[in-house]
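A short write-up of the structure that comes next.
The values are calculated or read from the model by the stated rules, or taken from the named source; none is laboratory data. Just so it is clear, the model here is predicted, and its values are computed rather than measured. Don't worry about glycine lacking a Cβ; one is built from the backbone with ideal geometry, like all the others, and counts go over all protein chains shown. The protein model used for the area step is the full one, side chains on, heavy atoms only, and it has no ligands, DNA or RNA in it. Shrake-Rupley method; radii C 1.70, N 1.55, O 1.52, S 1.80 Å.
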Amino acid sequence: MHPLVALQLRVRPIGAAALAAAFLIFAPGGSQIPGAEAGDATRQNGGLTRLEAEYVVSVAGIPIGRGNWIIELSDDAYSAAASGTTTGIVRFFTGGRGTGTARGTINGGQPMPSNYGATLSYDRKIDDVRMTLAAGNVTDYVVEPPLPPMPDRIPVTDADRRGVLDPMTSMLNRVAGSGDPVSPEACNRKVAVFDGRVRYDLHSEFKRMETVKADRGYEGPAVVCAVYFTPIAGYVLDRPAIKYLVTLREAEVWLAPIVGTRVVVPIRFSMPTPLGLGLLRATEFVSIAQPTLQPHPIAKTQ
């Protein structure tokens, strides 16, 4: 999967303020997309494509947060930056704010991260993660605060930090082939995520096609995927949040294209919560193509 999680699929329990602030500090990762060819670039045309998106988050119809996401894609590199904050009555009682960044290269048509960072502040607490990656393997990471030692926590091994993507890069779902990327094939995905503390898999399956319309920007088809969560390491099995996510079968992510590329990303995400339906939706979803500038010819002197 690839939900950009407004109600972030973190396995650590966090409050409504943290959920709202964290919804763009994503919780899906490391993927293998069948059929990608080394010469098949992520972009369909030269130059740079930029996605500028704005999102709102609600629970049971009550707004609790908003945020933005900016992605830049070229033939050989990408970057992504996101931020979110609580709003409304949640902000009045306990403010929350989150930021995240990721960057890397495009290798064989696939995004390969080199750096990832995420910071979440809520309830006078700071949660910070920094990771360095190479070829899908975590080479260095720092998390504050670290996970407290618990005898029933499944430990994260060196093997768990190999063959993964960071949470934000995992949102960049490049669909192989030459047909319309907004298709059932976009849901045929299993991703391996390491967020600095927890290693987990996210698996998505095709549900249906829908038409989606942002208030500004994209209007057109979206592919709707069911999303399933499987924890691998770094978690405590008996935690209620883990049990809830493992048995959850009603989470959905709607994927829309970054126009001019074969990359689809979340434009909408929903999941049931104990307080009602949690919903993230894009109010703005604008793709901007920026062709590569060619150097001016040097005039010959007489």
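On the given criteria, is Val224 open to solvent by 10 Å² or more (accessible area, probe 1.4 Å), touching a Leu at 6+ places or on another chain (Cβ under 9 Å) and under 19 Å from Asp180 (Cα atoms)? No. Flag set for Glu210, criterion: under 23 Å from Val56 (Cβ atoms), charged (D, E, K, R) and surrounded by fewer than 16 Cβ atoms within 10 Å (Cβ to Cβ).
Note on region 122-133: among residues that are under 22 Å from the mean Cα position of the chain (by Cα) and open to solvent by 50 Å² or more (accessible area, probe 1.4 Å), the one that is nearest to Gly96 (Cα to Cα) is Ile126.
Looking at the structure I just gave you, is Ala192 over 26 Å from Asn68 (Cβ atoms), within 15 Å of the chain's Cα centre (by Cα) and of a type in the set (Gly, Ala, Ser)? So Ala192 passes the test. Please determine whether any residue of region 86-107 is free of Cβ contacts under 8 Å to residues at least 60 places away in the same chain, on the phi > 0 side of the Ramachandran plot and outside any strand (DSSP E or B). For region 86-107, residues free of Cβ contacts under 8 Å to residues at least 60 places away in the same chain, on the phi > 0 side of the Ramachandran plot and outside any strand (DSSP E or B): present. When Tyr235 is tested against (1) more than 20 Å from the chain's Cα centre (by Cα); (2) of a type outside the set (Asp, Glu); (3) surrounded by fewer than 18 Cβ atoms within 10 Å (Cβ to Cβ), exactly one condition is not met: (3).
Being open to solvent by 10 Å² or more (accessible area, probe 1.4 Å), at pLDDT below 90, hydroxyl-bearing (Ser, Thr, Tyr) and in contact with a Ser or Thr (Cβ under 8 Å, 6 or more places away or on another chain) is a property that Ser58 lacks. Could you please let me know if Gly104 is touching a Gly at 6+ places or on another chain (Cβ under 8 Å) and either modelled with pLDDT of 85 or more or surrounded by 20 or more Cβ atoms within 10 Å (Cβ to Cβ) (or both)? So Gly104 fails the test. Inside region 109-150, can you point out the residues that are of a type in the set (Val, Ile, Thr) and touching a helix residue (DSSP H, G or I) at 6+ places or on another chain (Cβ under 7 Å)? Hit for region 109-150 is Val138, nothing else.
Considering region 148-176, the residues that are acidic (Asp, Glu) and buried (at least 16 other Cβ atoms within 10 Å of the Cβ) include one that is nearest to Thr132 (Cα to Cα), namely Asp166.
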